[in-house]
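Here the structure is laid out as structure tokens; the discussion comes afterwards.
Read-outs: derived from the displayed coordinates by stated rules, not from any lab. Everything numeric in this text was worked out from a predicted model, so none of it was measured. Positions of Cβ are backbone-derived with ideal geometry, glycine not excepted, and every protein chain shown enters the neighbour counts.
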């Protein structure tokens with residue numbers, strides 16, 4: 001974990017420049033840079049970029065120019081298995097993307113990914129981290145290992161609901177990230193049932209959701225797709241994690257900017 005204080009205005013600038021900003025920019029969420037400033041390989045249709053859920057805690061802290069603590073929790077996709085080094089996992093890349101998109105914000109992104117975990121094990125760690133670190137935003141990457149290890153979709157959905165209720169009860173935002181797409185899915189119908197369970201819980205609890213499966217399937221369907229998976233054909237590679245972070249960061253910024261615009 002490292003603490004980053006983001007530069008004002010997206011370019012080197014003195015803090016005195018803040019006084020020159022319009023009143024709305026000073027009082028609301030810091031004006032965002034272009035959320036489409038990403039590698040061409042990372043682009044996705046508008047329908048897949050939307051998170052379809054609010055992040056009120058994040059928006060409130062950004063408006064108040066307060067520090068935002070973001071907890072990234074999950075399994076190997078969070079830990080960064082398949083990346084060339086830990087700095088190229090998605091949480092550090094997300095921090096860099098948010099740094100670019102939210103000039104003037106003060107963020108801490110903490111990577112708590114543990115490879116191989118199922119949701120019930122992650123939930124126990126999540127409860128402990130909620131008590132110890134009190135994150136403002138939780139990014140929960142979930143579902144892949146449960147689908148591959150014989151957990152039923154019904155039991156999985158119950159665990160997810162329990163975790164969602166715990167996070168929301170503490171006043172934190174929760175954003176869900178569903179499983180990755182990979183060509184050699186052993187039982188596609190079962191895998192899709194877990195993706196459907198995540199979507200159902202997100203809709204029930206009004207949670208933002210990054211539809212990673214659909215996003216990666218779109219990338220794979222392109223006439224000349226970029227290679228997003230590592231040599232094992234399962235975990236993401238450096239480009240995959242970078243694209244994941246860029247799409248997620250853009251979605252988060254659009255959500256808080258939209259909420260802030262609606263208040264005016």
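What to note about this one:
- Förster radius 35 Å - calculated FRET efficiency between residue 124 and residue 187 (Cβ-Cβ, nearest 0.05): 0.85
- Length-normalised contact order for the range 59-132 - Cα pairs under 8 Å, 6+ apart - percent: 42
- Equivalent ellipsoid of the range 37-259: semi-axes from √(5λ) of the C-alpha gyration tensor, largest first, are 24, 21, 16 Å.
- Stokes-Einstein diffusion coefficient of the range 92-194, Kirkwood radius over Cα pairs, 37 °C, 0.692 mPa s, in µm²/s: 217
- Structural descriptor for the range 37-259: relative contact order 33 percent, calculated from alpha carbon pairs under 8 angstrom and at least 6 residues apart.
- Nitroxide proxy distance, nm - points 7 Å out along Cα→Cβ at residue 224 and residue 169: 5.4
- Nitroxide proxy distance, nm - points 7 Å out along Cα→Cβ at residue 154 and residue 40: 5.0
- Average projected area [Cα convex hull, the range 172-264], square nanometres: 7.6
- Kirkwood radius, the range 43-90, all distinct C-alpha pairs, inverse of mean reciprocal distance: 13.7 Å.
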